[in-house]
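A short write-up of the structure that comes next.
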Amino acid sequence: MKNLTTLLFDLDGTLINTNELIISSFLHTLHHYYPNRYKREDVYPFMGPTLVETFSNIDPERTEEMVQRYRAYNLANHDALVTQFDGVFETVRTLKENDYKLAIVSTKMRDTVIKGLKLTNLYPFFDVIVALDDVKHPKPHPEPLQKALNALGSKPEEALMIGDNYHDINGGKNAGTKTAGVSWSVKGKEFLQSFHPDYMLDSMADLLDILEIGTAGR
């Protein structure tokens, strides 16, 4: 699609593989408060919403305490457990070389977003980062996407939101952008397809086909 100029990316589970880190962080936290109650598959639904949203539904009285325990473990184990999905670096580099405007729109805190981007050598490619601490309303509210678009000088109709969760798809729809799900989502391709994204990526390189980027460039 030649009319697309702007790509908004979720980070976790989309550009970088933080699945093991997130699952381990949840299990570490939950086992502290509720020993042996939660199994690996039990925390999958917690991936995507904000930590406050998740933990307040579990234990409203200790939400902040649980968030802090999660973040401490997550930060301490970040570099050991985070990896990059195949083809991401090459695709994002190609997009940048073809003058696409790129932004991260994440429900993580800014410092942790930057840490992940630097670890995987993606940091130089992104003009704008909109993190949880930059907004009042996280995805799927349109505010984070609107803030990214405003910073990039882009309109919703020329943008594509790419993510691994329904918050990304619904956030894109709410902001008026096109949307793309990624089939490597830990929740599964069929789950994401139920939210009717405009595109489903089986690899990040599929973006180059959607944008009609050939060997001759844009």
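The values are calculated or read from the model by the stated rules, or taken from the named source; none is laboratory data. Because the structure is predicted, anything quoted here is derived from the model rather than measured. Quick reminder, even Gly has a Cβ in these numbers, built from the backbone with ideal geometry, and neighbours come from all protein chains shown.
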*Looking at (1) over 23 Å from LEU21 (Cβ atoms); (2) surrounded by fewer than 16 Cβ atoms within 10 Å (Cβ to Cβ); (3) free of Cβ contacts under 8 Å to residues at least 40 places away in the same chain, can you tell me which one GLU157 breaks?*
(3)
*Looking at (1) farther than 23 Å from GLY171 by Cβ; (2) in contact (Cβ under 8 Å) with a residue 40 or more places away in the chain; (3) buried (at least 18 other Cβ atoms within 10 Å of the Cβ), which is the one condition that is false for ASP79?*
(3)
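For GLY181, state whether it is of a type outside the set (Phe, Trp, Tyr), farther than 14 Å from PRO49 by Cβ and touching a strand residue (DSSP E or B) at 6+ places or on another chain (Cβ under 6 Å).
Details: of a type outside the set (Phe, Trp, Tyr): yes; farther than 14 Å from PRO49 by Cβ: yes; touching a strand residue (DSSP E or B) at 6+ places or on another chain (Cβ under 6 Å): yes.
Here the answer is yes, as GLY181 does meet what is asked.
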*Which listed residue, of ASN57, ASN74, is under 19 Å from the mean Cα position of the chain (by Cα), farther than 30 Å from GLU212 by Cα and of a type in the set (S, T, N, Q)*: ASN74
*asked:* Taking the condition of being farther than 23 Å from ASN17 by Cα, free of Cβ contacts under 8 Å to residues at least 40 places away in the same chain and among the small types (Gly, Ala, Ser), how many residues in the stretch 165-218 meet it?
replied: 4
*Mind listing whichever residues of the stretch 10-38 are in contact with a helix residue (DSSP H, G or I) (Cβ under 9 Å, 6 or more places away or on another chain), surrounded by fewer than 19 Cβ atoms within 10 Å (Cβ to Cβ) and farther than 25 Å from MET161 by Cβ?*
SER24, LEU27, HIS28, HIS32, TYR33, TYR34, ARG37, TYR38
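Based on this model, can you work out whether VAL130 counts as within 23 Å of LEU75 (Cα to Cα) and buried (at least 20 other Cβ atoms within 10 Å of the Cβ)?
Here the answer is yes, as VAL130 does meet what is asked.
Each row is one residue, and each column tells you yes or no for (1) surrounded by 15 or more Cβ atoms within 10 Å (Cβ to Cβ); (2) of a type in the set (Gly, Ala, Ser); (3) free of Cβ contacts under 8 Å to residues at least 40 places away in the same chain.
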{"residue": "GLU65", "(1), (2), (3)": "no, no, yes"}
{"residue": "TYR70", "(1), (2), (3)": "yes, no, no"}
{"residue": "ASN74", "(1), (2), (3)": "yes, no, no"}
{"residue": "THR83", "(1), (2), (3)": "no, no, no"}
{"residue": "GLU90", "(1), (2), (3)": "no, no, no"}
{"residue": "LYS96", "(1), (2), (3)": "yes, no, yes"}
{"residue": "TYR100", "(1), (2), (3)": "yes, no, no"}
{"residue": "ALA103", "(1), (2), (3)": "yes, yes, no"}
{"residue": "LYS108", "(1), (2), (3)": "yes, no, no"}
*When both residues are 6+ apart or on different chains and their Cβ atoms are under 8 Å apart, which pairs have a first residue that lies in the stretch 120-142 and is within 20 Å of VAL88 (Cβ to Cβ), and a second that is of a type in the set (Lys, Arg) and modelled with pLDDT under 95?*
ALA131/LYS108
